[in-house]
Structure formats: structure tokens, C-alpha cells
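Asks: Questions regarding the structure given below will be posed in turn.
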Amino acid sequence: NWIRDSVAAAEFTGTASELAQLAVYLRFLGTGELQCEEDGRHFRPHHHAQSASDIVTRLQQLTAPGDRWILRKIYPWLPSYDAEFQRSEPLTRIRDIAHRNDIPKELKREIKHRLQNKLHRCAGPEDLYTAREILQRITTARDDYAPAFVEQFEIFFRELSDFFNASGLDQRLERLLPSLAEEDRAAADSFLIAKAQQQRTEAQLIDLLERLTRLRERLEQLSQEAEPEPAQQMRLTDIDLEDFAFALLSEAANRLPSNSEQETWICLLRLLAAAVANLALSGAETQECQLVVSELAAWRRGFSPASRFHLLRVKATLERVGRLAQDYSDRVFALFPPAAETLGPALGVAPHAVRMFCEGDIRGNLVFQLTKLAERAESELRPALGLPPWSAVTAGEAFGSLVRSPRLATLRDPGGPIIALVDAAEGDEEIAPFVRGILLGHPIPHLSHLGVRARQAGIPFATSDDPAGLAAFEHLLGAPVRLQVSAAQTSLEPGEPLPIETARRVARSARPSLGTAALDGEFGVLAFDQVTKARCGAKAAAAARLFQLARESGGLFHAPHGLALPFGLVHRLLEQDTAAATEYRALLQRLAQTTPDALGEPLRHLQEILLGLEVPEPVFAEISSAFAPQTRLAVRSSSNGEDLPRLAGAGLYDSVISVAPTRIADAISLVWASLWTRRAALSRIHADIPHSEIHMAVLIQEMIAPEYSFVMHTADPLTGERDRTWIELAVGLGETLVSGQQAGSPYRLLCERDPGATRIDACASFSLALQPTAQGGIHQQPIDYSHVSLSVDPAKVQMLGRRLIEIAAFLENRFGGPQDVEGVIDGDAIHVVQTRPQQGLM
């Protein structure tokens with residue numbers, strides 16, 4: 001009743017935290033950890049039944065779809081509100097039992113006072129425990145009691161169990177059968193018959209699990225259409241089915257066949273699919289679960305453990321499974337321990353019960369069995385694929401003190417060089433000068449901005465897809481170590497740090513040479529045939545040249561049409577506003593004398609000034625007339641401090657993609673203002689580049705809605721070999737690849753120029769593709785790789801690899817050296833959108 005009143009209050013909004021508190025409270029109540037006492041008021045069972053109905057109705061009204069999984073932890077601890085329990089005098093059988101003349105007086109008195117009167121005066125979970133205790137005594141000495149009495153007490157105990165939602169799975173299903181349609185009743189009967197079977201084979205065990213999954217799917221559908229009372233019974237039955245699925249998965253995982261590698265894998269894939277499907281039915285990331293199930297079903301068809309391609313795509317799907325399990329566990333631990341640790345002591349719950357609450361929830365949940373199955377599959381995969389524990393992003397050797405940090409961006413200068421063990425990275429961070437090596441605890445695209453920056457700085461960098469990878473080195477924390485990363489292996493061992501003066505020289509590399517920025521001349525829109533590096537930066541100049549080379553390539557590749565706004569335009573606009581120009585110059589002088597910790601205010605003012613500049617109407621009109629109204633545009637930075645031989649500036653400045661021509665002015669202002677982001681300013685400070693020497697032009701290109709995006713390093717970034725090309729691809733827009741902000745791995749191809757062979761080292765596992773929308777902007781599109789050709793057809797991988805090798809050779813020849821290339825694939829057409837000198841080569 002207190003919970004009913006609480007959830008009905010206006011201040012209760014049904015947040016995840018509030019729901020978790022209810023679930024914890026009710027569990028402590030239902031398990032007896034929280035003791036109840038009478039206070040003189042009367043609460044018969046029908047009061048509780050009505051309260052439970054009110055609670056469920058209110059919670060379903062308030063709860064967001066993403067939090068419905070928490071309700072499953074509330075429902076089982078509420079009493080039933082079936083019609084039979086909402087009568088003014090439910091459970092009257094106990095009154096008849098208490099007045100029978102065929103039972104001993106002492107037992108009659110005990111039943112009357114401990115059970116009948118208590119239940120109808122102030123019903124509580126403790127009554128179920130009392131009834132169970134009495135039933136055990138009666139049935140243990142069954143011959144001492146009248147059979148009719150024993151039978152009636154057993155019936156009463158089942159009724160009481162139904163009221164407290166403590167019935168077993170079989171009883172729940174049998175109660176549901178009469179209300180089901182013939183087809184559904186037959187499926188439930190079939191499941192019960194299979195469940196009752198003893199000594200099941202491995203095949204029968206998996207078949208039973210799949211029957212259970214189909215039954216849950218049907219109950220989910222039926223509960224959406226049913227009246228409140230039967231719907232709640234279906235939900236409770238579903239929760240019991242989930243618990244039974246846990247037991248079946250545990251047994252099946254322990255009985256995987258070992259007589260055939262093929263058979264073991266087929267069973268593993270079926271079990272993984274069943275586990276993920278049941279997790280979806282329990283409300284955990286439903287859409288992602290459904291996509292993973294689709295992939296596992298597709299990979300199972302024709303699966304061969306001898307096929308490297310088959311194993312790689314299973315590995316990619318296992319990465320998604322791992323994220324599912326981790327995300328669910330994180331959600332549970334973020335919600336329930338705080339609630340248990342707050343409520344438990346306040347309510348006098350024993351400390352051990354509080355400590356065990358969340359661990360029990362995880363270890364008794366489907367996600368625990370899913371994790372075990374995924375770990376078993378990983379243990380089979382790694383030796384079969386010959387995978388090393390670490391994957392090299394940048395080769396090299398470094399010395400420093402070993403430090404661990406939850407994130408790359410939160411590392412602080414300890415006063416000397418460090419080797420960083422990092423739990424997580426966004427993929428777009430700057431690498432501080434004191435960081436001399438990185439070991440990252442999750443996969444990241446090797447050709448991302450972060451990878452490019454590490455190669456440019458000569459920082460050895462490796463990643464692991466094993467969460468335990470970092471833990472292996474924790475015993476060295478705080479000690480001087482030597483990190484070695486190569487294509488063959490990664491090692492970390494004790495080693496003396498560099499002398500301090502040497503470390504300083506290593507940390508501060510020679511200042512890169514900036515491109516010349518011509519600030520005079522034309523100030524309007526420049527067509528590609530007018531674009532030069534001095535007027536518009538290396539990126540715009542390369543884009544213009546690519547457009548011309550595409551025409552000369554004989555159809556080898558395409559390049560998007562575009563325009564550029566020169567460096568001089570923003571300066572001309574500033575000079576037209578004397579006050580703004582004066583303030584701008586003063587801020588630049590102030591910035592040159594500002595420490596990194598105090599950059600925020602001057603940078604904010606500099607950005608405000610640039611955001612306040614208005615793109616001249618003639619410029620806006622010329623851009624609009626150059627592209628069709630429905631065309632989506634990419635508005636990209638092209639400073640004189642990026643895409644240079646020794647200064648990539650990868651991801652340093654902002655680009656705005658999928659821009660409608662009518663919104664072009666806003667996008668241009670954002671690109672101008674990105675000159676003064678904190679990451680850009682810090683990067684210049686680290687590279688010893690005066691802020692006053694950096695200028696911004698803008699490149700505007702036609703946007704292509706891609707099937708895939710790719711990044712290609714035409715020379716091997718680990719070894720520098722010129723006859724080997726690295727390629728990474730992702731479904732959708734290339735931001736997924738270059739930023740590294742989405743968890744997952746790209747397709748990774750290693751291509752030999754001679755004889756033109758392509759080896760696939762990884763299949764993609766990103767859950768979402770970024771795609772442009774018709775209205776401008778981008779949206780996230782869930783991916784089912786069983787419908788993605790690169791995951792389905794290995795012949796397409798080889799064909800694509802051969803085409804990209806040809807493009808790599810062509811671009812190297814025309815630009816005079818190894819290139820870092822970005823492009824997109826639309827059907828059979830390959831579009832190269834950017835190329836710049838490849839960084840970090842010897």
C-alpha cells in the first residue's frame with residue numbers, strides 16, 4: 001500500500017533510479033530480509049491484490065520503453081491481482097481447513113492462529129513461509145493425517161503460492177492453457193512434454209531451449225493484446241521461462257559435444273542465438289539483440305571451421321555479443337548497488353544480503369550464461385585464427401613509467417615520460433607530449449585520427465580485444481618499463497627510463513613546416529581550377545587535383561565536384577568590422593601568453609567572433625547555384641596546418657557533413673570557428689606552432705551517400721613496405737572510421753601489390769552506420785551484417801581489394817609518395833574524397 005501511494009504521487013516520475021529502488025525494496029520484502037510487523041490495521045489479501053493492480057498500471061504508464069526491463073524485477077515480488085484474489089474474501093479454503101474435525105487440536109489451533117487469522121488480518125510474504133513450513137511437516141508424516149486434509153492443504157498452498165506469485169513454471173503454464181488459442185495451447189503442451197523428458201541428449205536440450213524461445217516470443221505478442229489480469233499472468237510466466245532458460249543454457253554449455261569441431265561450432269552458434277534472443281525478450285537492447293540473432297543464424301548455415309572468413313565474421317558478431325553483455329551488466333551495476341547500499345542499511349537489512357544483491361542478480365541472469373558461451377567461442381576462435389593478444393596500430397619502442405588511466409583524455413602530466421595503459425579512448429583525442437606509448441583495452445580502427453596522430457608522433461600503440469589484456473601488466477604500474485610494438489608481437493617489460501634530457505628531446509619533435517597562407521587576392525568562391533595550396537590549403541588543393549585525376553584515371557575512380565573559400569575571406573570579413581578585428585588581434589596576443597589551463601576564455605571569445613561573421617550574400621548565392629537544391633554537401637576544414645608531409649592534423653578541425661545548400665552559411669561559420677577549439681589550440685602548443693600562423697580556408701564538396709567508406713594507407717604503416725597496402729572499411733559514412741568514437745572494429749584488409757592478393761584480417765562489428773538524411777544531417781542506422789555483401793561474399797572482398805590496390809598505385813605515382821586516402825563506395829563506383837601524405841613512415 002505504501003508503494004501504491006508512492007508511485008501515485010506527483011513527484012514520482014518513473015525514472016530508472018526510482019524503479020530500481022522499488023525493485024530492491026520489494027525483493028528485500030519478498031525474501032524476508034525486511035521483516036514486517038502488524039500495526040493494528042487490517043490488510044486482507046484483496047487489499048494487496050488491488051494495490052498490486054494499481055502499482056502495475058501506474059508503472060506501465062510512467063515507464064519509458066528503455067526501462068521496461070526493470071519492471072521485470074518488480075512484477076514477481078507483487079501479489080497477484082487475478083479476479084479470484086480481488087474478491088472481498090479470497091483464500092477462504094484455509095478457513096474450512098482450520099475448522100476440520102479430522103486433524104489434531106494443536107495443529108488446528110496453529111493453523112487458525114498462525115495462518116488463517118494472520119492471513120485475513122494482515123497478509124504478508126511471511127504467511128507463505130508459514131504455510132510452507134506446515135505443509136512440509138504434514139507431508140513428511142503424511143500417514144499420520146487424513147488424506148482429504150492433506151489434499152486440501154496442498155491445494156491451499158498452491159492457491160497461496162499463486163497469490164504471492166510463487167508458483168512454479170509448470171503450474172503457471174497449466175493455468176494459462178485454457179485461455180490460449182488452439183495453436184498456442186499446442187505449443188505450450190509440446191514444451192511441457194519436452195521439459196518433462198528425462199536424460200535429454202545435447203540435441204534435445206538445444207531443441208527444448210529453442211521451443212522455450214518461441215513460446216516466449218508468442219507470450220510477448222499475446223500479452224500486448226490481453227486484458228490486464230491475463231497479461232500480467234503471461235508476463236510472470238515469461239519471467240519463469242527466462243529463469244528456466246538460464247538453467248538450460250548452463251546445462252547446455254557444460255555439455256557441448258567434443259567429438260566433432262563442426263558439431264561443436266554449430267551447437268555453440270545455436271546456443272548463442274538462443275541466449276541473445278532470450279535476452280532481447282527480457283528487454284535488453286531489443287533491436288541490437290535481434291540483429292545479432294539474425295547474424296548468428298546466417299553464419300550457422302554452411303559454416304566451416306576450416307574457413308578463415310567464416311571464423312572472422314563469427315568473431316565480429318561475438319564482439320557485438322560482448323558489448324551487449326557488458327552494456328547490460330553496466331546498467332545493472334549503475335542502478336542496483338546504489339539502491340541496495342542506500343535502502344539496505346536504512347531498513348536494517350543484513351550487510352551480507354546487501355553485498356550479495358547485485359552479484360546474485362548478474363550471476364542468476366541470462367547475461368551471465370551468454371558471457372560464458374561467448375568466452376567459450378572466443379577460446380575456440382583465437383587459436384584457430386592465430387590471433388595475437390595485441391594488435392599493433394603503430395610500431396616502435398618507447399620507455400617510460402607505467403601508468404593506468406580509465407580514459408586517454410584524462411591522463412595528467414606526471415613530470416616525465418609515461419607508457420599508458422588506457423581502458424577507453426574516443427579515437428579523436430590529442431596525445432599529450434609526455435605519453436610515449438599506449439596500450440588500449442579495446443579495439444579501435446587502426447587508421448583512425450588517433451592512429452594517424454600516434455604514427456605522426458612515432459608513439460608505439462597497440463590494442464586488445466580481451467578485457468583482461470591490461471590486467472596482465474598491472475604488476476608493473478609505477479615502474480619504469482620498455483614497450484615494444486611490431487607487426488609480430490607486443491611486449492612490455494621492466495626497463496630503465498631515458499635520461500631526463502633525452503626524454504625531453506624525444507618528447508618535443510622538430511617543429512613542422514607550415515604551408516604558406518596567401519591572404520590577399522581573390523576573396524570569393526574559387527572553382528577547383530583556381531584552387532592552390534597557398535590560397536586554400538593542402539586539403540583543398542588535393543581535392544581539386546583528385547577531381548582532375550579522376551577524369552584522367554579512365555574510370556578507375558571518381559572524385560566529388562567542389563568549391564573552396566580561400567584563407568583571405570575570413571580575414572577580409574574581419575577587417576570590415578574594425579572593433580571585431582581589434583579584439584581578434586588582442587585575443588591572439590593574449591593567447592600566445594596563456595597557459596594551457598587558462599585557454600578556455602580567450603578561445604571562447606575567438607570562436608564567438610568567427611561565428612558572428614556573416615557569409616556575404618554573393619558568396620552564398622554562388623555556392624547555391626553551383627549545386628542542385630537537393631544536393632547534400634560536405635563543408636570541410638582546409639587549414640594551412642593540415643594534410644602536410646609532417647603534419648597531418650587528422651581530425652583536428654571540424655567538418656560539417658550532409659549540409660543542405662540553404663544551411664551552408666552556418667556550416668562555414670562552424671568550420672571557421674573550429675580554428676579555436678581547445679584540441680586545436682593544444683595541438684599547436686605541443687607542436688610549437690604560433691597560433692597567429694594558422695589560417696582557415698573552407699572546402700565544399702558534393703556529398704555522396706555511401707554503401708561503404710574506407711581509409712587506405714598505401715604503404716604498410718607498421719613496416720613501411722611500399723608493396724603492401726592497408727585498408728579499413730565501414731558501412732555508411734567515414735566518420736565511424738576516422739573518429740573511432742563508436743565501439744567496434746572495421747573490415748581490415750591487407751593487400752599485396754604483387755600478386756594482387758587481399759587478406760581479410762577482420763570483419764566489421766560496428767552496430768550502427770551513419771547515413772545522410774534527405775533533409776540534411778545524419779542518422780544512425782542499425783546494421784545486420786548478414787545482409788552486408790562484404791560479410792557474406794569473400795569473392796567481393798578480393799575483387800574490391802584488387803581495385804583499391806590499383807587506385808593506391810595510381811595515387812602514389814601521381815602524388816609522388818605513399819598516401820593516406822579516404823573514400824566511399826556507392827554500388828560499383830569508388831569515389832576518392834581526400835588524399836594526403838602518409839604519416840610516420842621511415
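The values are calculated or read from the model by the stated rules, or taken from the named source; none is laboratory data. Small disclaimer: the values here were computed from a predicted structure and weren't measured. Note: ideal-geometry Cβ built from the backbone for every residue, glycine included; neighbour counts use all protein chains shown. These accessible areas exclude ligands, DNA and RNA; they are computed on the full protein's heavy atoms, side chains included. Shrake-Rupley method; radii C 1.70, N 1.55, O 1.52, S 1.80 Å.
Asks: Per the 1.4 Å probe, what fraction of the accessible area of the chain, in percent, lies on carbon and sulfur atoms?
Replies: Numbers: 18280 of 35940 Å².
It is 51 percent, rounded to a whole number.
Asks: Averaging sequence separations of C-alpha pairs under 8 Å and six or more residues apart, then dividing by the length of the stretch 531-587, give the relative contact order as a whole percent. Intermediate values should be presented prior to the final figure.
Replies: Values: 33 pairs, mean separation 15.2, N = 57.
For the stretch 531-587, the relative contact order is 27 percent.
Asks: Would you calculate a helix-derived [θ] at 222 nm for the chain, using -39,500 (n - 2.57) for each DSSP H run of n ≥ 4 and dividing by the full residue count, to the nearest 500?
Replies: On the way: 31 runs with 414 residues, N = 842.
Theoretical 222 nm ellipticity from helices: -15500 deg cm²/dmol.
Asks: Which of Leu222, Asn165, Leu440 sits farthest toward the positive end of the charge dipole of the chain, with +1 on the Cβ of Lys and Arg and -1 on the Cβ of Asp and Glu?
Replies: Sorting the options by dipole projection puts first Leu440.
Asks: Output the 0 to 90 degree angle, nearest 10, between the alpha-carbon long axis of helix 147-163 and the longest principal axis computed from the alpha carbons of the chain.
Replies: Relative to the chain, helix 147-163 is tipped by roughly 30 degrees.
Asks: What's the ranking of 740-748, 713-721 by average number of surrounding C-beta atoms within 10 Å, highest first?
Replies: Values: 740-748: 22.3, 713-721: 20.7.
Peptide ranking by packing, descending: 740-748, 713-721.
Asks: Once both axes come from the Cα atoms, what is the angle between helix 286-300 and the longest principal axis of the chain, in degrees from 0 to 90, rounded to 10?
Replies: Once rounded, the angle reads 80 degrees.
Asks: Working with all protein chains in place, sort Met703, Met712 by solvent-accessible area computed with a 1.4 Å probe, largest first. Don't skip to the end; give the middle numbers.
Replies: Details: Met703 35, Met712 0 Å².
Greatest to least solvent exposure: Met703, Met712.
Asks: For the charge dipole of the chain, defined by +1 on Lys and Arg C-beta atoms and -1 on Asp and Glu C-beta atoms about the Cα centroid, which residue among Ser639, Leu291, Thr490 has the Cα displaced farthest towards the positive pole?
Replies: Going by the Cα projections, it comes out as Thr490.
Asks: Roughly how many debye, to the nearest 20, is the charge dipole of the stretch 1-139 about its Cα centre, given +1 on each Lys and Arg Cβ, -1 on each Asp and Glu Cβ, and no other charges? Don't skip to the end; give the middle numbers.
Replies: Numbers: 21 positive and 19 negative charges, 105 e Å.
Here the size comes out at about 500 debye.
Asks: Along the charge dipole of the chain, pointing to its positive end and built from +1/-1 on Cβ of Lys, Arg, Asp and Glu, which listed residue (Leu549, Leu370, Asn278) has its Cα farthest out?
Replies: Of the options given, the answer is Leu549.
Asks: With r as the distance between the Cβ atoms of Gln224 and Thr13 and R0 = 35 Å, compute the FRET efficiency 1/(1 + (r/R0)^6) and round to 0.05. Mind dumping the intermediate values first?
Replies: Working: r = 24 Å, r/R0 = 0.69.
My answer for the efficiency is 0.90.
Asks: So what is the relative contact order of the stretch 24-178, in percent, for Cα pairs below 8 Å that sit 6 or more residues apart? Each step should come with its number before you reach the end.
Replies: Working: 128 pairs, mean separation 47.1, N = 155.
That works out to 30 percent.
Asks: Let me ask something additional. Shape call for the stretch 575-677 from the C-alpha gyration tensor, a ≥ b ≥ c root eigenvalues: rounded (a/c under 1.5), prolate (a/b greater than b/c) or oblate?
Replies: Details: a/c = 2.48, a/b = 1.48, b/c = 1.68.
It comes out oblate by the Cα gyration axes.
Asks: Tell me the label only: which of (1) 1.11; (2) 1.07; (3) 1.16 is Rg/Rh (Cα atoms, Kirkwood Rh) as calculated from this structure?
Replies: Step by step, Rg/Rh (Cα atoms, Kirkwood Rh) for this structure corresponds to label (2).
Asks: For Leu588, put the label point 7 Å out on the Cα→Cβ axis and report which residues of the stretch 517-547 keep their amide N under 15 Å from it.
Replies: Within reach of a label on Leu588, which here means backbone N under 15 Å from a point 7 Å along Cα→Cβ, the stretch 517-547 contributes 517-520.
Asks: How many Lys pairs in the chain lie less than 27 angstrom apart by Cα atoms, where the lysines are 8 or more positions apart or on different chains?
Replies: Working: Lys73/Lys195; Lys73/Lys372; Lys105/Lys118; Lys108/Lys118; Lys195/Lys372; Lys315/Lys372; Lys315/Lys796.
Close lysine pairs under the 27 Å cut-off: 7.
Asks: Please find the FRET efficiency linking Ala705 to Asp529, where r is the Cβ-Cβ separation and R0 is fixed at 25 Å, and quote it to the nearest 0.05. Mind dumping the intermediate values first?
Replies: Working: r = 27 Å, r/R0 = 1.06.
Approximately 0.40, to the nearest 0.05.
Asks: Still on this structure: Provide the per residue accessible area, probe 1.4 Å, for the chain, rounded to a whole number of square angstrom.
Replies: Details: 35940 Å² over 842 residues.
For the chain, the per-residue accessible area is 43 Å².
Asks: Would the stretch 770-842 count as rounded, prolate or oblate if I go by the C-alpha gyration tensor, calling it rounded below 1.5 in a/c and otherwise prolate when a/b exceeds b/c, oblate otherwise?
Replies: Details: a/c = 2.36, a/b = 1.45, b/c = 1.63.
Since a/c reaches 1.5 but b/c is at least a/b, the shape of the stretch 770-842 is classed as oblate.
Asks: Hey, for a label at Glu251 modelled as a point 7 Å past Cα toward Cβ, could you say which residues of the stretch 152-189 have their backbone N under 15 Å away?
Replies: In the stretch 152-189, the label zone of Glu251 (backbone N under 15 Å from the point 7 Å along Cα→Cβ) covers 169-170.
Asks: Next question, about the same structure. Using only the alpha-carbon atoms, how far is helix 45-62 inclined from the longest principal axis of the chain? Give it as 0 to 90 degrees, nearest 10.
Replies: Here the helix axis deviates by roughly 10 degrees.
Asks: Quick check: pseudo-label points 7 Å beyond the Cα along Cα→Cβ at Phe43 and Gln287, how many nm apart are they?
Replies: Result: 4.1 nm between the two label points.
Asks: I'd like the FRET efficiency for Ala146 and Arg114, computed as 1/(1 + (r/R0)^6) with the beta carbon distance as r and R0 of 22 Å, rounded to 0.05. Mind dumping the intermediate values first?
Replies: Values: r = 20 Å, r/R0 = 0.92.
It comes out at approximately 0.65.
Asks: Could you calculate the contour length gain from Glu496 to Arg158, that is, 0.36 nm times the residue separation minus the distance between their Cα atoms, to one decimal place in nm?
Replies: Details: separation 338, 0.36 × 338 = 121.68 nm, distance 7.21 nm.
Extra length available between Glu496 and Arg158 comes to 114.5 nm.
Asks: Taking a ≥ b ≥ c as the square roots of the eigenvalues of the Cα gyration tensor of the stretch 189-258, is the shape rounded (a/c under 1.5), prolate (a/b larger than b/c) or oblate?
Replies: Values: a/c = 2.87, a/b = 2.42, b/c = 1.19.
Because a/c hits 1.5 or more and a/b exceeds b/c, the stretch 189-258 counts as prolate.
Asks: Calculate the dipole size of the stretch 331-483 relative to its Cα centre from +1 charges on Lys and Arg beta carbons and -1 charges on Asp and Glu beta carbons; express the result in debye to the nearest 20.
Replies: Working: 13 positive and 16 negative charges, 32 e Å.
Once rounded to the nearest 20, the dipole reads 160 debye.
Asks: Still on this model: Roughly how far apart, in whole Å, are the Cα centres of the stretch 693-713 and the stretch 514-560?
Replies: 12
Asks: Pairs of alpha-carbon atoms within less than 8 angstrom and 6+ residues apart define the contacts here; what relative contact order does the chain have, in percent? Don't skip to the end; give the middle numbers.
Replies: Values: 1470 pairs, mean separation 81.4, N = 842.
Relative contact order comes out at 10 percent.
Asks: Ranked highest first by average number of other Cβ atoms within 10 Å, how do 799-805, 623-629, 236-242 line up? The partial results should precede the final answer.
Replies: Details: 799-805: 18.7, 623-629: 14.3, 236-242: 20.6.
Going by the mean number of other Cβ atoms within 10 Å, highest first, we get 236-242, 799-805, 623-629.
Asks: Can I ask one more? Nearest 20 debye, what's the magnitude of the dipole of the chain about its Cα centre given +1 on Lys and Arg Cβ and -1 on Asp and Glu Cβ?
Replies: The dipole magnitude comes to about 1000 debye.
Asks: Could you give log10 I(q)/I(0) at q = 0.11, 0.15, 0.17, 0.19 Å⁻¹ for the stretch 39-170, computed by the Debye formula over C-alpha point scatterers of equal weight, without solvent?
Replies: Debye curve over Cα of the stretch 39-170, log10 I(q)/I(0) at q = 0.11, 0.15, 0.17, 0.19 Å⁻¹: -0.45, -0.75, -0.91, -1.07.
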